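Below is one structure, written out as structure tokens; comments come after it.
The values are calculated or read from the model by the stated rules, or taken from the named source; none is laboratory data. Note that the structure is predicted; figures quoted are calculated from it, not measured. All Cβ positions, even for glycine, are placed from backbone atoms using ideal geometry, and neighbour counts span all protein chains on display.
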Amino acid sequence: MAARIVCNDRIMASPVTGVQRYLGEILRRTGEAIDTVAPARPLSGAKAHLWDQAVLPSKLLGRLLWSPSNSGPLAVGRQVLTIHDTISLDHPEWISGLNARWYRAMQPSLMRRVAHIIAVSEFTRQKVISWSGVCEDKVTVIPSGVDGRFQPTGPAAAGEVRTRLNLPVERYFLSNCSLEPRKNLAGLFASWSAAQNSLPNDVWLYISGGIGASTTFGVYNLPPLPPRVRLLGRVHDNILPALMSGATGFLYLSLYEGFGLPPIEAMACGTPAIVSDLTAIPEVVGDAALRIDPTAIADVAALIVAVAHDEALRADYRARGLARARRFDWDYCAKRTLDLLETVATEPEPEG
């Protein structure tokens, strides 16, 4: 018998970022309780949105729709929508013109139309309420989780990853992010440059992650690379925990996050994290990471130097990070999500 919940998993054809990880982790844990539907071939940009609006509703057969990635069909009221962030509404300048106009026109209306909304953080929940005007009890916070493979690994595993990726030095800071405007790569590079004279010559900065989709962000020109910085491109999930574990510190100076998975994953690997003190990141990391204004270049540089040289500081934030990361569990996230979906599936379709 078909499940009474169907999920639009169109995004799973795209390279893995936080949203794909979120959906994949939940679907792995819910099994046959949720059916999935997707286009016959991968779609992006306007074609993907057109499929959502024109084709997806015909696939539901009266079932509840779960739209797990910020958008969904406006014609379907019997729908639960996961909102990861409201970047397109808060900062349309970071998004390509067509996408920014589409989300600005569609997303608040969709928020009002659907039966219920899942927000991945309280920060995002408050943004949803502010932009849509929906009542507070229509939006439920269900935090994302950390997969069990993100844990400290030994020196041998870290060494194998360095060899596989042909990394030039053993001592490094790591940043893991998609290369797009809000990730503040200009600030990261400026902070790294300011720190270099106080760092040993054998300490580098590695950055894993691919260029963000041009259909979403337009053409993004990377700032010039400072010395001792290497872009690794997308690093496979199977080796990312070892790469994180081998790092002296983790840098995440994003200007905007609806949740921010990479810092908590790095903390789960026992790596002290220097993170932006903006948006949802403080809510996620608590006092278990070194939080800083990401635009304060000299202050960020001083923290990088401190983490590089101070073994006691690293040990302190390693312990804090490991404890904090244990609070974020995909099993709990998946159970709460499925419970909410099953509850809404038994309710009548909202009016309007």
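Out of (1) surrounded by fewer than 16 Cβ atoms within 10 Å (Cβ to Cβ); (2) in contact with a helix residue (DSSP H, G or I) (Cβ under 9 Å, 6 or more places away or on another chain), what's the single condition that is false for Gly62?
Tallying (1) surrounded by fewer than 16 Cβ atoms within 10 Å (Cβ to Cβ); (2) in contact with a helix residue (DSSP H, G or I) (Cβ under 9 Å, 6 or more places away or on another chain), Gly62 fails exactly one: (2).
Kindly state which strands (runs of 3 or more DSSP E) lie completely within the range 1-114 and contain at least 2 residues that are over 23 Å from Val139 (Cβ atoms) and touching a residue at least 24 places away in the same chain (Cβ under 8 Å). Don't jump to the end; show me each part of the working.
Values: elements: 5-8, 35-37, 64-67, 79-83.
So the answer is 35-37.
List every residue pair whose Cβ atoms sit under 6 Å apart, with the two residues 6 or more apart in sequence or on different chains, where the first one lies in the range 143-171 and is in contact (Cβ under 8 Å) with a residue 24 or more places away in the chain and surrounded by fewer than 16 Cβ atoms within 10 Å (Cβ to Cβ) and the second, anywhere, is of a type in the set (D, E, K, R) and in a loop (DSSP other than H, G, I, E, B).
Val169/Asp202; Arg171/Asp202
If you go through the range 121-132 one residue at a time, how many are touching a Pro at 6+ places or on another chain (Cβ under 8 Å) and surrounded by fewer than 19 Cβ atoms within 10 Å (Cβ to Cβ)?
1
Given the criterion over 27 Å from Arg149 (Cβ atoms) and either out of contact with any helix residue (DSSP H, G or I) (no Cβ under 6 Å at 6 or more places or on another chain) or modelled with pLDDT of 95 or more (or both), identify the matching residue among Gly286, Gly270, Gly352.
Details: Gly286 fails: over 27 Å from Arg149 (Cβ atoms); Gly270 fails: over 27 Å from Arg149 (Cβ atoms).
Going through Gly286, Gly270, Gly352 in turn, just one is over 27 Å from Arg149 (Cβ atoms) and either out of contact with any helix residue (DSSP H, G or I) (no Cβ under 6 Å at 6 or more places or on another chain) or modelled with pLDDT of 95 or more (or both): Gly352.
Counting just the residues of the range 238-248 that are in contact with a helix residue (DSSP H, G or I) (Cβ under 8 Å, 6 or more places away or on another chain) and not in a helix (DSSP H, G or I), which one comes out farthest from Ser191 (Cα to Cα)?
The selected residue is Ile239.
What number of residues in the range 1-22 are surrounded by fewer than 16 Cβ atoms within 10 Å (Cβ to Cβ) and in contact with a strand residue (DSSP E or B) (Cβ under 9 Å, 6 or more places away or on another chain)?
Number satisfying all stated conditions: 1.
So Glu25 passes all but one of these: (1) more than 22 Å from the chain's Cα centre (by Cα); (2) acidic (Asp, Glu); (3) surrounded by 15 or more Cβ atoms within 10 Å (Cβ to Cβ). Which condition number does it fail?
(1)
Only one of Gly249, Gly148, Gly159 is at pLDDT below 95 and under 23 Å from the mean Cα position of the chain (by Cα). Can you tell me which?
The unique qualifying residue is Gly148.
Just wondering, is there one or more residues in the range 172-190 that are without any contact (Cβ under 8 Å) to a residue 40 or more places away in the chain and either surrounded by 15 or more Cβ atoms within 10 Å (Cβ to Cβ) or in a helix (DSSP H, G or I) (or both)?
yes
Condition first: assigned to a helix (DSSP H, G or I) and under 18 Å from Val284 (Cβ atoms). Now tell me which residues in the range 115-165 satisfy that. Lay out the reasoning, then the answer.
Step one: of the range 115-165, the residues assigned to a helix (DSSP H, G or I) are 122-132, 136-138, 155-165.
If the condition is that a residue be assigned to a helix (DSSP H, G or I) and under 18 Å from Val284 (Cβ atoms), then Glu122, Phe123, Thr124, Arg125, Gln126, Lys127, Val128 are the ones that fit.
What about Ala195, is it surrounded by 20 or more Cβ atoms within 10 Å (Cβ to Cβ) and more than 30 Å from Ser88 (Cβ to Cβ)?
When the stated conditions are applied, Ala195 passes them.
Within the range 334-341, is there a residue that is in contact with a Gly (Cβ under 7 Å, 6 or more places away or on another chain) and buried (at least 17 other Cβ atoms within 10 Å of the Cβ)?
Our first condition is that a residue be in contact with a Gly (Cβ under 7 Å, 6 or more places away or on another chain); within the range 334-341, this holds for none.
The answer is no; no qualifying residue exists.
Any idea which of (1) surrounded by fewer than 21 Cβ atoms within 10 Å (Cβ to Cβ); (2) within 21 Å of Thr343 (Cα to Cα) is the one Ile118 doesn't satisfy?
Condition (1) is where Ile118 drops out.
Of everything in the range 269-291 that's touching a residue at least 24 places away in the same chain (Cβ under 8 Å) and surrounded by fewer than 19 Cβ atoms within 10 Å (Cβ to Cβ), which residue is farthest from Pro200 (Cα to Cα)?
In this case the residue turns out to be Glu283.
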